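Step one of this worksheet: look at the structure below.
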């Protein structure tokens, strides 16, 4: 800017959000809004936040873009509450805005097929390699792309700042529970966000370390609000994320994509998804190609494979059949086996025998043993939340406090997922083995 030239004032950008009210980019945060206009961020509008949950909860069609705005908004509030210095606060807010940028189509279901290439892998690559996003980050702060990548590699210091974006009590989870509860219509995702933000502190927990500070919650001030959040999360997993029909739809998609990947490795894949075919063959695809993958491109491919576009569909009959079932919502059925792993082990050989008789060599495309294991709170060591001023322990990890609580115990939900054609033969076998298991208790 030349001497004496008037300062350029960017117009504030404000978004109406059904969860948080107004999400505002103004003042020192106004330049961050330019990140929203990049292709990498706009792509998140075409990826549903809750995967296939919309097949069960019709309102759950919200996108990861809206969630990114919500996570950013909470990051604004938390960094203000903690009075972080401006550069550190900016890093946290940018990381919150970009934290889901690496997600693939239909999110976590995609990652079952393309193992080793999860959203964190791609998030780090996109931040480092996408020219448009990199230029936008450089305009915010020289060297910011490299700095942001350390959030994905877990090397960012101070450590507590990264945990604000990725831990068991972070801006990501604090937003998606409220957001998913709102759009799904489930009444379980309620907790006191205001009080949790009020209770979060930074304290020197790791005395003697080069990075001693960490996130803590004052027991007397905030533990009840944190417990409310943990219960909300547990209920959402049990009743929404791990709903039997949601899981059945996810596994149908996974089986469809696995079949596609198998064909791609044989150079026999159908048209419609060349980038995914290259990934299935182990090709290191460029970031620009990966960013062309989203829910819309996958849905278009499913339509094409199913024959609904007026063509005869995929030549492979199994891929064509699976795609058609998924597109028409003719979903697999489930048998709930509870936590009886022994019964599941006894049922599986019978189920596989029946599936082999009905579907031949494609049996495993129509049958799956699903273990939806969840805990109310489970953290890796570097994600642990600390509680201070506990009347008995003083300073203690949250995991330790929850060990004796029902919320802290793993809840296993073993389900046999199968095509409807298998249900009648499987039902008496499942009932017999479950009754046999109950008789031994």
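The values are calculated or read from the model by the stated rules, or taken from the named source; none is laboratory data. The structure displayed is predicted, hence computed values, not measured ones. Methodologically, a virtual Cβ is constructed for each residue, glycine included, from the backbone with ideal geometry; neighbour enumeration extends over all protein chains shown.
Residue-wise test of (1) in contact (Cβ under 8 Å) with a residue 24 or more places away in the chain; (2) under 27 Å from residue 414 (Cα atoms); (3) outside any helix (DSSP H, G or I).
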site: 175; (1), (2), (3): yes, no, no
site: 191; (1), (2), (3): yes, no, yes
site: 196; (1), (2), (3): yes, no, no
site: 202; (1), (2), (3): yes, no, yes
site: 220; (1), (2), (3): yes, no, no
site: 223; (1), (2), (3): yes, no, no
site: 237; (1), (2), (3): yes, yes, no
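Of the residues making up the stretch 100-108, at least one is in contact with a helix residue (DSSP H, G or I) (Cβ under 9 Å, 6 or more places away or on another chain) and part of a helix (DSSP H, G or I).
The residues of the stretch 206-229 that are surrounded by 21 or more Cβ atoms within 10 Å (Cβ to Cβ) and closer than 17 Å to residue 189 by Cβ, listed by number, are 226, 229. Could you list, in sequence order, all residues of the stretch 45-56 that are within 13 Å of residue 329 (Cα to Cα) and assigned to a loop (DSSP other than H, G, I, E, B)? If the condition is that a residue be within 13 Å of residue 329 (Cα to Cα) and assigned to a loop (DSSP other than H, G, I, E, B), then 56 is the only one that fits. Among the conditions (1) outside any loop (DSSP other than H, G, I, E, B); (2) surrounded by fewer than 18 Cβ atoms within 10 Å (Cβ to Cβ), residue 89 misses just one, which is (2).
Looking across the stretch 49-81, the residues that are buried (at least 21 other Cβ atoms within 10 Å of the Cβ), under 15 Å from the mean Cα position of the chain (by Cα) and on the phi < 0 side of the Ramachandran plot come down to 49, 50, 52, 53, 60, 62, 64, 67, 68, 70, 71.
Does the stretch 333-356 include one or more residues that are within 18 Å of residue 257 (Cα to Cα), touching a helix residue (DSSP H, G or I) at 6+ places or on another chain (Cβ under 7 Å) and touching a residue at least 40 places away in the same chain (Cβ under 8 Å)? Working first, answer last.
Restricting attention to the stretch 333-356, the residues satisfying the condition of being within 18 Å of residue 257 (Cα to Cα) are none.
Looking through the stretch 333-356, none of the residues is within 18 Å of residue 257 (Cα to Cα), touching a helix residue (DSSP H, G or I) at 6+ places or on another chain (Cβ under 7 Å) and touching a residue at least 40 places away in the same chain (Cβ under 8 Å).
For the condition closer than 27 Å to residue 294 by Cα, touching a strand residue (DSSP E or B) at 6+ places or on another chain (Cβ under 9 Å) and modelled with pLDDT of 95 or more, what is the one hit in 20, 62, 39? I'd like the intermediate steps shown before the answer.
Values: 20 fails: touching a strand residue (DSSP E or B) at 6+ places or on another chain (Cβ under 9 Å); 39 fails: touching a strand residue (DSSP E or B) at 6+ places or on another chain (Cβ under 9 Å).
Selected residue: 62, the only one of 20, 62, 39 that is closer than 27 Å to residue 294 by Cα, touching a strand residue (DSSP E or B) at 6+ places or on another chain (Cβ under 9 Å) and modelled with pLDDT of 95 or more.
Before we move on, is residue 139 in contact with a helix residue (DSSP H, G or I) (Cβ under 8 Å, 6 or more places away or on another chain), surrounded by fewer than 16 Cβ atoms within 10 Å (Cβ to Cβ) and in contact (Cβ under 8 Å) with a residue 60 or more places away in the chain? Full working, then the answer.
Values: in contact with a helix residue (DSSP H, G or I) (Cβ under 8 Å, 6 or more places away or on another chain): yes; surrounded by fewer than 16 Cβ atoms within 10 Å (Cβ to Cβ): yes; in contact (Cβ under 8 Å) with a residue 60 or more places away in the chain: yes.
Considered against the rule, which asks whether it is in contact with a helix residue (DSSP H, G or I) (Cβ under 8 Å, 6 or more places away or on another chain), surrounded by fewer than 16 Cβ atoms within 10 Å (Cβ to Cβ) and in contact (Cβ under 8 Å) with a residue 60 or more places away in the chain, residue 139 comes out as yes.
On the stretch given as the stretch 251-273, residues that are free of Cβ contacts under 8 Å to residues at least 40 places away in the same chain and within 20 Å of residue 308 (Cβ to Cβ) total 4.
The set of residues in the stretch 342-373 being surrounded by fewer than 16 Cβ atoms within 10 Å (Cβ to Cβ) and under 30 Å from residue 235 (Cβ atoms) consists of 342, 345, 348, 371, 373.
Scanning the stretch 298-332 for residues that are surrounded by fewer than 16 Cβ atoms within 10 Å (Cβ to Cβ) and touching a residue at least 60 places away in the same chain (Cβ under 8 Å) yields a total of 2.
Being under 23 Å from residue 232 (Cβ atoms), touching a helix residue (DSSP H, G or I) at 6+ places or on another chain (Cβ under 7 Å) and surrounded by fewer than 23 Cβ atoms within 10 Å (Cβ to Cβ) holds for only one residue in 130, 172, and it is 172. The residue list 84, 98 contains one member that is surrounded by fewer than 22 Cβ atoms within 10 Å (Cβ to Cβ) and at pLDDT 95 or above, which is 84.
Any residue in the stretch 200-220 that is at pLDDT 90 or above and out of contact with any strand residue (DSSP E or B) (no Cβ under 9 Å at 6 or more places or on another chain)? The answer is no, given that none of the residues of the stretch 200-220 is at pLDDT 90 or above and out of contact with any strand residue (DSSP E or B) (no Cβ under 9 Å at 6 or more places or on another chain).
In the set (1) surrounded by 15 or more Cβ atoms within 10 Å (Cβ to Cβ); (2) at pLDDT below 95; (3) over 22 Å from the mean Cα position of the chain (by Cα), the condition left unmet by residue 157 is number (1).
Among the numbered conditions (1) in a helix (DSSP H, G or I); (2) over 20 Å from residue 103 (Cα atoms), the only one that residue 83 does not meet is (1).
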